[in-house]
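Colleague: I have a structure I would like to understand better, so I am pasting it below and will then ask my questions one at a time.
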Amino acid sequence: MLQRALIFSSSNPICSQLSTTAPPDNTVFPKRNGGWIIPFSSYQLPAFPSDSAANRPNMASQDEQDPRISNISSAIRVIPDFPKPGIIFQDITTLLLDTKAFRDTIDLFVERYRGKDISVVAGIEARGFIFGPPIALAIGAKFVPMRKPNKLPGEVLSEEYSLEYGKDTMEMHVDAVKAGERALIIDDLVATGGTLSAAISLLERVGVHVVECACVIELPELKGRERLGGKPLFVLVSST
Ligand SMILES: O=P(O)(O)OC[C@H]1O[C@H](OP(=O)(O)OP(=O)(O)O)[C@H](O)[C@@H]1O
Ligand SMILES: Nc1ncnc2[nH]cnc12
């Protein structure tokens, strides 16, 4: 199997997700198209902010060995050199083709966030629009799209943020949320953390409390977690 170290050579920061050796056997799931992906383990799982020891066992996502995680991990395709040379693209479209893995992904988030008094699920364009709405419906929250610029017709708040190269802007309808609401931010993947940190800023500027950010995949070597100002981040799989 082709390992990421063999297909990657650039000094691009995204390349830091490569490793020359596979992680230990008991934590690694080989991917369909090469590369390695590690399911979450306890060291990656912050306890839910309002959890008590008593209700944690009710969350399937807190189980280190939850069998659903390995299937989810295996269903994510890895495409080297997309969209440009040196990037190892984590393709969640194959996860969407696998009805069990897709359903399990939604269920793991719903099990974690149901009953946590969350009234807003904020999904980040574009891939946060795939995972956010079913989670919102299942936990009884509204879905608020965090969009690329000039897409929303109403009054918007804008937040500029830095990408790997250059800048982008995220927008949210001002009247979509109210001060004091509790929000969950959903995206497919956290890399440098710039996107999530912009979403946190937008919500906090209008007085919304961001309870947690949740992603299917984390690229931990890009240290996106460190850009979230201490906001909790929950992920299902970690790609090294
Ligand atoms: O942690 P970061 O370094 O900010 O990167 C993560 C973001 O990058 C990807 O989106 P992208 O900007 O490619 O947009 P898309 O979902 O519209 O393809 C991904 O879906 C996240 O939103
Ligand atoms: N490696 C990657 N795969 C998929 N989406 C990404 N967004 C930023 N880095 C990414």
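The values are calculated or read from the model by the stated rules, or taken from the named source; none is laboratory data. Quantities reported herein were computed from a predicted structural model and do not represent experimental measurements. Don't worry about glycine lacking a Cβ; one is built from the backbone with ideal geometry, like all the others, and counts go over all protein chains shown.
Colleague: If you go through the range 199-230 one residue at a time, how many are away from ligand 2 (no atom under 13 Å from the Cβ), touching a residue at least 40 places away in the same chain (Cβ under 8 Å) and part of a helix (DSSP H, G or I)?
Modeller: The qualifying residues number 5.
Colleague: Mind counting the residues in the range 50-88 that are in contact with an Asp or Glu (Cβ under 9 Å, 6 or more places away or on another chain), at pLDDT 60 or above and polar (S, T, N, Q)?
Modeller: Residues flagged as in contact with an Asp or Glu (Cβ under 9 Å, 6 or more places away or on another chain), at pLDDT 60 or above and polar (S, T, N, Q) within the range 50-88 amount to 2.
Colleague: For the range 203-218, which positions are of a type in the set (Asp, Glu) and farther than 15 Å from residue 132 by Cβ?
Modeller: Of the range 203-218, the ones of a type in the set (Asp, Glu) are 204, 212, 218.
Selection gives 204, 218.
Colleague: If a residue must be farther than 23 Å from residue 69 by Cα, more than 9 Å from ligand 1 (Cβ to nearest atom) and in contact with an Asp or Glu (Cβ under 6 Å, 6 or more places away or on another chain), how many such residues does the range 188-216 contain?
Modeller: 3
Colleague: Follow-up question, since we're still on this one. Here are some residues: 163, 157. Which one is without any contact (Cβ under 8 Å) to a residue 60 or more places away in the chain, within 16 Å of ligand 1 (Cβ to nearest atom) and surrounded by fewer than 19 Cβ atoms within 10 Å (Cβ to Cβ)?
Modeller: On the way: 157 fails: within 16 Å of ligand 1 (Cβ to nearest atom).
Just one listed residue meets the conditions, 163.
Colleague: Being within 16 Å of ligand 1 (Cβ to nearest atom) and touching a residue at least 60 places away in the same chain (Cβ under 8 Å) is the requirement here; does residue 185 meet it? If you could, list the steps in order and put the result at the bottom.
Modeller: On the way: within 16 Å of ligand 1 (Cβ to nearest atom): yes; touching a residue at least 60 places away in the same chain (Cβ under 8 Å): yes.
When the stated conditions are applied, residue 185 passes them.
Colleague: Does residue 199 count as closer than 22 Å to residue 235 by Cα and hydrophobic (A, V, I, L, M, F, W, C)? Can you show your working first?
Modeller: Working: closer than 22 Å to residue 235 by Cα: yes; hydrophobic (A, V, I, L, M, F, W, C): yes.
Taking the combined requirement at face value, the residue satisfies it.
Colleague: Hey, among the residues in the range 228-240 that are closer than 19 Å to residue 128 by Cα and not aliphatic (A, V, I, L, M), which one's surrounded by the fewest Cβ atoms within 10 Å (Cβ to Cβ)? Don't jump to the end; show me each part of the working.
Modeller: First, the residues of the range 228-240 that are closer than 19 Å to residue 128 by Cα: 228, 231-239.
Applying the additional criterion that residues be not aliphatic (A, V, I, L, M) yields 231-232, 234, 238-239.
Working: 231: 19, 232: 16, 234: 22, 238: 21, 239: 24.
This residue is 232.
Colleague: Look at residue 126 and say whether it is within 12 Å of ligand 1 (Cβ to nearest atom) and without any contact (Cβ under 8 Å) to a residue 40 or more places away in the chain. Reasoning before the result, please.
Modeller: Numbers: within 12 Å of ligand 1 (Cβ to nearest atom): yes; without any contact (Cβ under 8 Å) to a residue 40 or more places away in the chain: yes.
Taking the combined requirement at face value, the residue satisfies it.
A quick yes/no check of all residues on (1) basic (Lys, Arg); (2) closer than 18 Å to residue 194 by Cβ; (3) at pLDDT below 95; (4) surrounded by 21 or more Cβ atoms within 10 Å (Cβ to Cβ):
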| site | (1), (2), (3), (4) |
| --- | --- |
| 105 | no, no, no, yes |
| 117 | no, no, no, no |
| 136 | no, no, no, yes |
| 167 | yes, yes, yes, no |
| 172 | no, yes, no, yes |
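Colleague: Based on what the data block shows, is residue 180 surrounded by fewer than 20 Cβ atoms within 10 Å (Cβ to Cβ) and of a type outside the set (Ser, Thr, Tyr)?
Modeller: On the way: surrounded by fewer than 20 Cβ atoms within 10 Å (Cβ to Cβ): yes; of a type outside the set (Ser, Thr, Tyr): yes.
Yes: the conditions hold for residue 180.
Results for (1) under 19 Å from the mean Cα position of the chain (by Cα); (2) farther than 20 Å from residue 200 by Cα; (3) without any contact (Cβ under 8 Å) to a residue 12 or more places away in the chain; (4) within 11 Å of ligand 1 (Cβ to nearest atom), shown as yes or no for each residue.
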{"residue": "78", "(1), (2), (3), (4)": "yes, yes, no, no"}
{"residue": "90", "(1), (2), (3), (4)": "yes, yes, no, yes"}
{"residue": "105", "(1), (2), (3), (4)": "yes, yes, no, no"}
{"residue": "120", "(1), (2), (3), (4)": "yes, no, no, no"}
{"residue": "133", "(1), (2), (3), (4)": "yes, no, no, no"}
{"residue": "138", "(1), (2), (3), (4)": "yes, yes, no, no"}
{"residue": "147", "(1), (2), (3), (4)": "yes, no, no, yes"}
{"residue": "171", "(1), (2), (3), (4)": "yes, no, no, no"}
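Colleague: Separate question: Here are some conditions: (1) in contact (Cβ under 8 Å) with a residue 24 or more places away in the chain; (2) away from ligand 2 (no atom under 16 Å from the Cβ); (3) within 22 Å of residue 117 (Cα to Cα). Residue 175 meets all but one. Which one does it not meet?
Modeller: (1) is the only condition that residue 175 fails.
Listed here are the residues, each with its yes/no results for (1) farther than 18 Å from residue 195 by Cα; (2) among the charged types (D, E, K, R); (3) at pLDDT below 95.
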| position | (1), (2), (3) |
| --- | --- |
| 99 | yes, no, no |
| 111 | yes, yes, no |
| 130 | no, no, no |
| 176 | yes, no, no |
